[in-house]
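Take a look at the structure set out below.
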Amino acid sequence: MKTINLTESTDWNFIEEVKKESGQDPSLCYQCGNCTAGCPYSNFYDYPVSQIMRLIQTGQKETILTSRAIWLCATCETCTTRCPCEIDVAHIMDVLRIMARRENKVSEKDIKTFYDSFLDSIKKFGRLYEVGTLISYNLRSGHLFTDSDLGPKVLAHNKIHFLPKKIKGSEKVAKIFERYQESLKKHG
Amino acid sequence: MANKRYAYYSGCSLEGTALEYDKSVRLIFDALGVDYIEPEDWSCCGSTPAHTIDHVFASALAARNLSIIEKMGLDTVAVPCPACLMAFKKAQYFMEKDETFKEKVNELLDEKYNCRVYAKSTLQVLYEDVGLDEITKRVTHVIPDMKVAPYYGCITNRPPKLAQFDDPENPISMDKILSAIGVEVCDFAFKVECCGAAFGVPKKDMVNRLSAKVISMAIDAGANCIAVACPLCQQNLDLRQEQINKTTGSNFNIPVLYFTQIVGLAYGYSPKELGLDKLIVSADNFVRSRITKEQYEQLKQEQEKGKEKDVKKQEIQEKENP
């Protein structure tokens, strides 16, 4: 088991940042483990979600932001639904992902690449272009044959559009992306 | 139902891999007299990827659509996809709660959103606004062989604070709709367990393993098909079923239909109209076994007569050979 030296590694600012950005109070967590018991992803996490909560309480920024758990969370809302202290745990996980992105500490590169490919499609066309998103993911991630076994199935059942559907207001959607980028520059 | 007009936001999946969900929702809405209109030039809700970037940004992608609907003078949007539904509900929640947040979202938009649109799942519209009585009235056909596991997925009814519909742990709306159209509904323990959601592409193995649990539990419950209300659940359980078999060594071959397709079957629509040809694991056996209500009644009477005859035969036999 990994031992953490709390005197050396506690980041007090981090605790406050998580609190502020999520609007939640992680100190309310008394480690009952209900979230971990219900979480479908516990088997796949490096730190179960209740431990992530404990790591927040002790300000373990580096461990949390580089963890795989925050990226493998699917926001299925089981933890939030079952927390006896009514902490919106799934929202906290969301905030941690956002922080990890901001600090360039994403551990699960493939998941981030998939999300980025998805968002690029929306920026370009206004709606999701499924085929394009998959091709873009495969090229960027280097996993060239991801889901190639599904190709014949979707073709045989006529389930996909080969060409993107560009909406009339796609520039307006792209503007949301641009204005957001500008706001980042303005506010830091 | 009279006079209420809904905006109908189908979402991106329903234009692609979930086209049959869109087809069947529209047919059912038409059959039940739900008045709906598609918002013009709607865009993607932002889904899961957007809220890993920033919550203001994610809310803006969702709110662009809500703003279009607001301008149309409508106050309720019917949403078939739970990911879109949650994107709308979260945007609405944060914007109503926090004036600064609302301003920041509106700064990203061309047309301001004033928080006057309420998002409801298609399931909720059918269950609460149309009602079970109306849903039953329209039934023309019976599918005697069908035993269905109602699978709601993780975020159709959760978190309760946002969903404000049905029970978050043991929802019953879909159970009741399917019972109302005469289908046998199984007692299914994994109604809200997560199938693996949007990780199908980057984390196939993980999704396959989670989906396998859902299918296996449905089969254990005695189901011969699964009803879903989410395009991602359908994709993970149906399109990826062969992958699941390869990953987990299982041998599943169970049809996964949208609950609206099942309602459509009971309403007598053709498989083509309902997009049943788009399912990877075929549900044709249910189409073949489907009979009209009249045929079903006749069959039942004949069976009962048969039973009476059997009883009489038995009595005679008993008399002759005491």
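The values are calculated or read from the model by the stated rules, or taken from the named source; none is laboratory data. Because the structure is a prediction, the values reported are computed rather than measured. When we count neighbours, we look across all protein chains shown, and the Cβ atoms used for this are built from the backbone with ideal geometry, even at glycine.
Residues in the stretch B:258-278: is at least one of a type in the set (Gly, Ala, Ser), farther than 16 Å from residue B:23 by Cα and touching a residue at least 24 places away in the same chain (Cβ under 8 Å)?
Checking the stretch B:258-278: not a single residue is of a type in the set (Gly, Ala, Ser), farther than 16 Å from residue B:23 by Cα and touching a residue at least 24 places away in the same chain (Cβ under 8 Å).
Of everything in the stretch B:64-76, what is over 15 Å from residue B:164 (Cα atoms) and under 24 Å from the mean Cα position of the chain (by Cα)? Give them in sequence order.
B:65, B:66, B:69, B:74, B:75
Please go through (1) exposed (fewer than 15 other Cβ atoms within 10 Å of the Cβ); (2) within 18 Å of the chain's Cα centre (by Cα) for residue A:25 and return the number of the only condition it doesn't satisfy.
Unmet for residue A:25, out of (1) exposed (fewer than 15 other Cβ atoms within 10 Å of the Cβ); (2) within 18 Å of the chain's Cα centre (by Cα): (2).
How do the pairs read when you match residues in the stretch B:299-322 that are touching a residue at least 12 places away in the same chain (Cβ under 8 Å) with residues anywhere that are part of a helix (DSSP H, G or I) and of a type in the set (D, E, K, R), using Cβ under 7 Å and keeping only pairs 6 or more apart or on different chains?
Partner pairs satisfying both residue conditions: none exist.
Residues B:257, B:265, B:274, B:237: which one is assigned to a loop (DSSP other than H, G, I, E, B) and either of a type outside the set (Ser, Thr, Tyr) or buried (at least 20 other Cβ atoms within 10 Å of the Cβ) (or both)?
On inspection, the qualifying residue turns out to be B:274.
What are the residues in the stretch B:33-84 that are touching a residue at least 60 places away in the same chain (Cβ under 8 Å), of a type in the set (A, V, I, L, M) and in contact with a Phe, Trp or Tyr (Cβ under 9 Å, 6 or more places away or on another chain), if any?
B:34, B:69, B:74, B:77, B:78, B:79
Where residues in the stretch B:240-254 are more than 11 Å from every other protein chain (Cβ to nearest Cβ) and in contact (Cβ under 8 Å) with a residue 24 or more places away in the chain, which of them is surrounded by the most Cβ atoms within 10 Å (Cβ to Cβ)?
For the stretch B:240-254, the residue satisfying everything is B:244.
Do we find that residue A:110 is acidic (Asp, Glu), at the interface with another protein chain (Cβ under 8 Å from one of its Cβ atoms) and crowded, with 16+ Cβ neighbours inside 10 Å in this structure?
Taking the combined requirement at face value, the residue satisfies it.
Which of the residues belonging to the stretch B:30-75 are of a type in the set (Asp, Glu) and assigned to a loop (DSSP other than H, G, I, E, B)?
Listed by number, the residues that qualify are B:38, B:40, B:41, B:54, B:75.
How about the stretch B:1-29: which of its residues are assigned to a helix (DSSP H, G or I) and more than 9 Å from every other protein chain (Cβ to nearest Cβ)?
B:14, B:21, B:22, B:23, B:24, B:25, B:26, B:27, B:28, B:29
May I ask you to list the residues in the stretch B:191-205 that are under 18 Å from residue A:35 (Cβ atoms), at the interface with chain A (Cβ under 7 Å from one of its Cβ atoms) and assigned to a loop (DSSP other than H, G, I, E, B)?
Those that are under 18 Å from residue A:35 (Cβ atoms), at the interface with chain A (Cβ under 7 Å from one of its Cβ atoms) and assigned to a loop (DSSP other than H, G, I, E, B): B:193, B:194.
Working carefully through the options A:151, A:132, A:142, find the one that is surrounded by 17 or more Cβ atoms within 10 Å (Cβ to Cβ), more than 8 Å from every other protein chain (Cβ to nearest Cβ) and without any contact (Cβ under 8 Å) to a residue 40 or more places away in the chain.
On inspection, the qualifying residue turns out to be A:132.
Given the structure, is residue B:232 modelled with pLDDT of 95 or more and over 19 Å from residue A:41 (Cα atoms)?
no
Those residues that are within 11 Å of chain A (Cβ to nearest Cβ) and closer than 22 Å to residue B:125 by Cα, I need them from the stretch B:44-80; list them, please.
B:44, B:45, B:47, B:62, B:63, B:65, B:67, B:68, listed by residue number.
Residues of the stretch A:41-52 being more than 16 Å from the chain's Cα centre (by Cα) and crowded, with 19+ Cβ neighbours inside 10 Å, which ones?
Matches in the stretch A:41-52: A:50, A:51.
Would it be correct to say that residue B:292 is modelled with pLDDT of 95 or more, hydroxyl-bearing (Ser, Thr, Tyr), in contact with a Ser or Thr (Cβ under 9 Å, 6 or more places away or on another chain) and buried (at least 21 other Cβ atoms within 10 Å of the Cβ)?
Spelling it out, it is not the case that residue B:292 is modelled with pLDDT of 95 or more, hydroxyl-bearing (Ser, Thr, Tyr), in contact with a Ser or Thr (Cβ under 9 Å, 6 or more places away or on another chain) and buried (at least 21 other Cβ atoms within 10 Å of the Cβ).
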